[in-house]
Structure formats: C-alpha cells, structure tokens
Amino acid sequence: MCGVVGLIGSREASREAFLGLTTLQHRGQDAAGILSYDVDGFHRVKSLGLVESVFTRDNMRTLTGNMAIGHTRYSTIGRGELHDVQPFLLSYPFGLGMVHNGNIVNCAELAHELRTQNRRHLLTQSDTEVVLNLFAESLAQSKESDFFEQICQAVGRIFEKVTGSYSIATLVADHGLVAFRDPLGLRPLVWGRKKGGELASGEAHGVASESVALSFLGYEAFRDVQPGEVVFVDLQGGVHSRVISPASQSATAPRDSSDARHCMFEWIYFASPESIIDGVPVYGARIQLGKNLAKRVRERIEKGEIEADMIVPVPESSRIAAIALSEELGIPYREVLIKNRYIKRTFILDSQDKRESAVSLKLSPVRSEIEGKKILLVDDSIVRGTTSRKIIELVRAAGAAKVTFVSTCPPITHPCFYGIDFPNPNELLASGRTEAEVCQALGADAVVYQDLPGLRRSLDGPQNKNPCTACMDGKYPTDVSCAKKFAESRAEDREQLSGGT
Ligand code: SF4
C-alpha cells in the first residue's frame, strides 16, 4: 500500500505534493519522493524515511514547476532500498515520471518479457518500473497522431498485460498529467480541480489516493477515478477521460458498478477516517462495522459466553467501531491503551522481529483502570496475530480479569497479492484454524469476529456493490496463478530485511 498525489497547474505544485503526502503518510512510512517539471526539465527528491524527514526547505526549493507527482511508500515488493523509491523517471519517449499504488502480481513475467523482447534493462526490483516501461514502450510504438489516443492505447495495453492492483499518476513532459486506475478499481484514486490555477482554464487539477489529500489542499468537485478509467489533463487545462475496457482499447460506456472490486481493507484499516472512498465514507463504514458487531457480541453475552465491564479500542483504526459498539451495547468505552505516537504502525513494519518489539514500545496500559476488569478489546483485524497476542498479554499483565478480543474484520484466511503485505498463507493466524484455536493461540478468553455479510453491509454503496474480500473467502478477482512465485520472492525479500541470508 502506498500514497500517491499528482498535480498540474498549481502555483506551488511541489509544496502541495508535500502537504498532500503528509495527509497520506498513514499509507506508507518507508520512503517518500516528489518529481516536478518545468521548462528546465524534471526535478526530483526522494529518500528513505517519513515525508517530513525526506523533504527540507533547501531540497524543496529545487522542485520547481507547476506540475508534480509524489509518493509515500509501504514496501510490498523489493527490499526497501533507495533505488526502489518512487517517483520513477524515463527519458524516452517524451520524458515520463510515474508513481504507483498497488501491486503487480505478474511482475516477474513482465520484467522478463521487457528484457528479452523489448531489450529494456530494468534497474530495480520495483513493479512501478515495469509498468512505466510497458507504458513507454506502447507510447514509443504508437502510430496515433492524437496524444490522448496514444495514452488510451498505452493504458489499454497495460490493462491487457498487467495483473494486479494499480492506481497510477504520470507526468508527461510538455504534455500534462495522466492518471489511471486498474479495471477492477482495487486501490483508490480521486481527482479534483480548483480555481486560481496556472492552466489556461484558470484551474489546477489534482489526483490523490484519498480524498483527504485533495480536500486538505482546497481541491473541489472531486470524484473517484472510475475502475479502468484514464484521465489526462493537458497543459491548457483541457480534460480528457475515458473508461477503457481491458478487452478492447476503444472507448466504452462506464461499466456496471458490480464489476468494481474495491479492497475492503481500505475501510477496515488503511484509509484515513476523513476520506470518502468510492462513495463510501470511511468513518461511516467503521460506525456500521461496530454496530453490526454489537449484534454478534450481544448474542454471546446473552448466552453467557462473554462478560464485559468496558470496551477498549486498540488505537488507532478500531476507535470508531469501538465507540459504535459501546453505544449499541451500553457498555462504557475507555481508551486505556495509550499510544506512543513516535513508533511506526506495527502492521506496516516489514519483519517479524521488528513487529514483535514494536508492540510493547508502542502501547502503554492504564493499570488503574484495567485492574480487575473484564475487557472487550476491539481491533480492526487479526492478520498474523503477533500484535493481538502481545496486546492481550499487556492487558492481562495490567490486571485484567478477562479479555475478549473483537475483530471488526472477518477471519483473514487467504493471502493478499494486491498490495497488503501478507502474501504467505502460513503467516495468517486464522488460516486452517477454528475460532476456538485462534482464541487459544491469542491467549484470549473469547474471540468475536465480524461476519462477511456484516462487512459487506457496512461498506455498501452504489459504487461498491461487490468489494474484494479474497483474503477472507479465497475468491480472487484476477488470475493469481503466478502468485506463488510472487509470495516466494516476497518471503526472500523479507528474510533479507530481517537479517537472514
Ligand atoms: S485480498 Fe483482501 S487485502 Fe487484498 S485487495 Fe482483496 S480485500 Fe484487500
């Protein structure tokens, strides 16, 4: 998972890219970069680390121009090295810069094809470099005279060849800003405009992973880039957009919303609560998740299987659902796990060792409130179980009489190949285990999961009739036949990251 921004016509494009990236920092904390463009060419700053640590007053001064793209990275491919940090840049054709949020499942096959058939030598392990080279290859070979037709042809080619999730922003030198989203819309992307820009239309345009970035920057009238849609804003402010069918590169009417397979994890965990993704507010979805869970918890309380004196959220993303759960059940809500704000999100950390040590550094229990109480601990999900187990230990050590663990997400039993970093089923606590076995493995007195229908109801909206739930039901919306290779290569990367050989 990553965060992307793209801006054109802004008087302060790189400053807006920087501010936009700070609002998307939760989407990736490994690295950040900005690429801008003006008459002197491309200007780029990128490095490992948080957005605030990568950019300084001095290096921001070098990012001149009224077009910019930016990226904040969460590594799901590669070994987190500097050369994998985005934006990526190619000199031919035109001069192309690209940022990408998602994950390309058939990256290794495509990289091989680019090397052997197109004589393109790739310099990194990044899937973004693969997509950028495919895009460049199509543009270079295009016989179309109209530039937007060239773009549609190149994006159509990507749709035909690339399997996985991708929301992409691209700067094209002397032409403008291009943004597109994979045909299933797995990862979010929004587009907006504002007055007072430097384009001939008097406007500036922006795209971003989440609406929080655009509203923070004062962009209005934004909407989601549709699954399979390409948007091109030219240097005069002309807007060209088209939904492209992967089977044909010609224009098509927007398809039925049931074709879209937006990732449910955006609402459960990743996205900022202020954001609205594909028409469904994240905050409202989390309230609904809590309300739906309340029915399941109430049943278990009535059967005498669960006792609870207080509801405690695991900060941060479960807080909203925990409040709704508390309101529905009439059980007091208490924030008695205090977060150290200076430790990175544990789930995002890339090795088991780092995750284990980060949990105890990250949360401090309020012993005076916990001692002797029966606690209903609410978290967004149980993935590997590492953090959940540690938190239950913390709460017990602080004197809790009983601990019930409540997950706003159903059991995660299958790997994700679309940008959330759990490609290996052996790592997933609920894979091959019953609820009772999960409970035992966590050291809890009881476990309550959200159910899949409740999850679907909570995220329901006209544009979100059929979200991706493959990590819960194994029904992958794309071909994943080459995913085993991807999982193996990711396991190797992570072993390297954790210091293995
Ligand atoms: S498999 Fe799960 S985490 Fe991955 S895209 Fe689908 S819903 Fe999201």
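The values are calculated or read from the model by the stated rules, or taken from the named source; none is laboratory data. No experiment lies behind these values; they were computed from the predicted model shown. All Cβ positions, glycine included, derive from the backbone under ideal geometry; neighbour counts span all protein chains shown.
Quick look at the numbers
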item: Sole residue being over 20 Å from the mean Cα position of the chain (by Cα), buried (at least 20 other Cβ atoms within 10 Å of the Cβ) and not in a helix (DSSP H, G or I), chosen from VAL378, VAL395; result: VAL378
item: Candidate set from the range 181-209 (those that are surrounded by 24 or more Cβ atoms within 10 Å (Cβ to Cβ) and not in a loop (DSSP other than H, G, I, E, B)); member that is farthest from the chain's Cα centre (by Cα); result: ALA204
item: Residue check, ILE301 of a type outside the set (Ser, Thr, Tyr), in contact with a strand residue (DSSP E or B) (Cβ under 9 Å, 6 or more places away or on another chain) and modelled with pLDDT of 85 or more; result: no
item: Test: residue in the range 128-142 that is of a type in the set (Ser, Thr, Tyr), out of contact with any strand residue (DSSP E or B) (no Cβ under 8 Å at 6 or more places or on another chain), farther than 30 Å from PRO477 by Cβ and surrounded by fewer than 20 Cβ atoms within 10 Å (Cβ to Cβ); result: no
item: Residue satisfying all of: in the range 55-84; at pLDDT 95 or above and assigned to a loop (DSSP other than H, G, I, E, B); surrounded by the fewest Cβ atoms within 10 Å (Cβ to Cβ) among these; result: THR56
item: Yes/no for GLY419 being part of a loop (DSSP other than H, G, I, E, B), in contact with a Gly (Cβ under 6 Å, 6 or more places away or on another chain) and either modelled with pLDDT of 95 or more or more than 10 Å from the ligand (Cβ to nearest atom) (or both); result: no
item: Tally, over the range 398-415, of residues that are within 16 Å of the ligand (Cβ to nearest atom) and either more than 15 Å from VAL314 (Cα to Cα) or not in a strand (DSSP E or B) (or both); result: 8
item: Verdict on HIS43 being at pLDDT 95 or above, in contact with a Gly (Cβ under 9 Å, 6 or more places away or on another chain), crowded, with 22+ Cβ neighbours inside 10 Å and of a type outside the set (Ser, Thr, Tyr); result: no
item: Residue count for the range 270-287, restricted to those that are in a helix (DSSP H, G or I) and crowded, with 23+ Cβ neighbours inside 10 Å; result: 4
item: Inter-residue pairs, beta-carbon under 9 Å, first away from the ligand (no atom under 15 Å from the Cβ) and in the range 460-488, second among the acidic types (Asp, Glu), 6+ apart; result: GLY461/ASP278; GLN463/ASP224; GLN463/ASP278; CYS482/GLU109; LYS485/GLU109
item: Extreme residue, surrounded by the most Cβ atoms within 10 Å (Cβ to Cβ), among residues of the range 21-40 that are farther than 21 Å from PRO188 by Cα and among the charged types (D, E, K, R); result: ASP38
item: Extreme residue, nearest to the ligand (Cβ to nearest atom), among residues of the range 164-178 that are crowded, with 24+ Cβ neighbours inside 10 Å and farther than 21 Å from ASN464 by Cα; result: ALA169
